[in-house]
Amino acid sequence: MAVKLGELLLNEKLITPEQLDEALKSQMIFGIKLGSSLVELGFITEELLCKFLSRKLGVPSVGWRTLSTVAPAVIAMIPAELAEKYRVVPIKADGKKLALAMADPTDFKAIDEVAFVTGCVVQAHIVPDIRITSALSKYYQVRGDIRYLRIEGDISKKRKSAPVAEPVIPAKKIEIPMESDTGELLNIEIPLEFEGFGSLPGYEEDYTTPAGRADRYTVDRLSIEFAGAKDRDQIATVFIKYLGQEFTVGALFIIRNNTAVGWRGVVAGTRIEELENLNILLSKPSVLRDVLETRQFSMGTLIHTPENAQLLKALGVGSGTPLLVLPIIMLNKVVAAVVVSADMDALGTRLLELQKLVYKASLAFEMLIIKNKILMT
């Protein structure tokens, strides 16, 4: 959204700086909008957020009842491709006037294109992004992001008002000694809360490159792409690029509440679309639950459980196929997992390099969170 939502909410004292920090981290890790992140964490209600933005932007808001009862003839006025592209849903037509539900009513390009396609004067209405996702799924069969759908299902359980923030002890600083290009000794200060943000248990970073392997697309070569990533999906693309080259099968999972949600997958260089619909409950026995609980990697064939069977089926491999599963740890919490398949010898020789990739990717996420915080405040 063109407006700086975080700054607006802080100025109105609807959230605290500490709550904004937590929401920004959740937003970047799980790939949801800042408003949705605040709602999910219980820092603000969906209704209060919508009314606040309606008042600040000077556009009417849309209630869920209105959004859930749109006439088919109105929905048909906007093609599914256009609705998905701009995340908009028509809600009412009155002659040459069209009321349009939008998560971002400042997206004038979307308004202009909808006006051109429909021949109507568009009147923008604001609605939370969570609701837009649900409406797009209902009316246009646009596959909803599991993260948003889960938030929507939890809304009724959230508190009816933003919680009072508990006193927060000011974060201390830790210093990291570094050298500049000229050899000057620098002491870089970062908040104490980021200590261990990109940590990997039992891993000490090794910057040496094995001899005789310069022709391979190594983790070191991917470091530049990690450093230049503008969003979480670019980081995932780097992951998949590496996994598709080095392993028979590769996949990424996001750990969300009590579920491992399929994020990206590749087999023989081809995307595994079925994986993106896979949700594995972490309350039941599985290799993903083991990795989450122990915070250590797992390597070998899987024991037979219904959840492991789901994983193997989604990856398209048999029960005797060895897998290597590594946790991605950020802010001392397992937020994702990497799963790869190859023969045992290949898994063993690639382990250190894959650990390095996981470590660097965690740091890339940290950089994105800091950049996003700068832009949002």
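Just so it is clear, none of the values below were taken in a lab; they were calculated from the coordinates. A quick note: this is a predicted structure, and the numbers were derived from the prediction, not measured. Virtual Cβ from ideal backbone geometry, glycine too; neighbours counted across all protein chains shown.
Overview of results
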{"quantity": "Burial ordering of Leu38, Leu351, Leu357, fewest other beta-carbon atoms within 10 Å first", "calculated": "Leu351, Leu357, Leu38"}
{"quantity": "Set Lys4/Lys356; Lys13/Lys92; Lys138/Lys284; Lys85/Lys371; Lys51/Lys333 screened for pairs whose C-alpha atoms are more than 29 Å apart", "calculated": "Lys4/Lys356; Lys13/Lys92; Lys138/Lys284; Lys51/Lys333"}
{"quantity": "The range 5-157: relative contact order as a whole-number percent, Cα under 8 Å and 6+ apart", "calculated": "22"}
{"quantity": "Protection-proxy order for peptides 66-73, 54-61, 132-139, each taking the mean of Cβ atoms within 10 Å per residue, highest first", "calculated": "132-139, 54-61, 66-73"}
{"quantity": "Principal axis box of the range 220-348, alpha-carbon based, largest edge first, Å", "calculated": "40, 31, 27"}
{"quantity": "Centre separation in Å (Cα based) which lies between the range 237-309 and the range 35-59", "calculated": "34"}
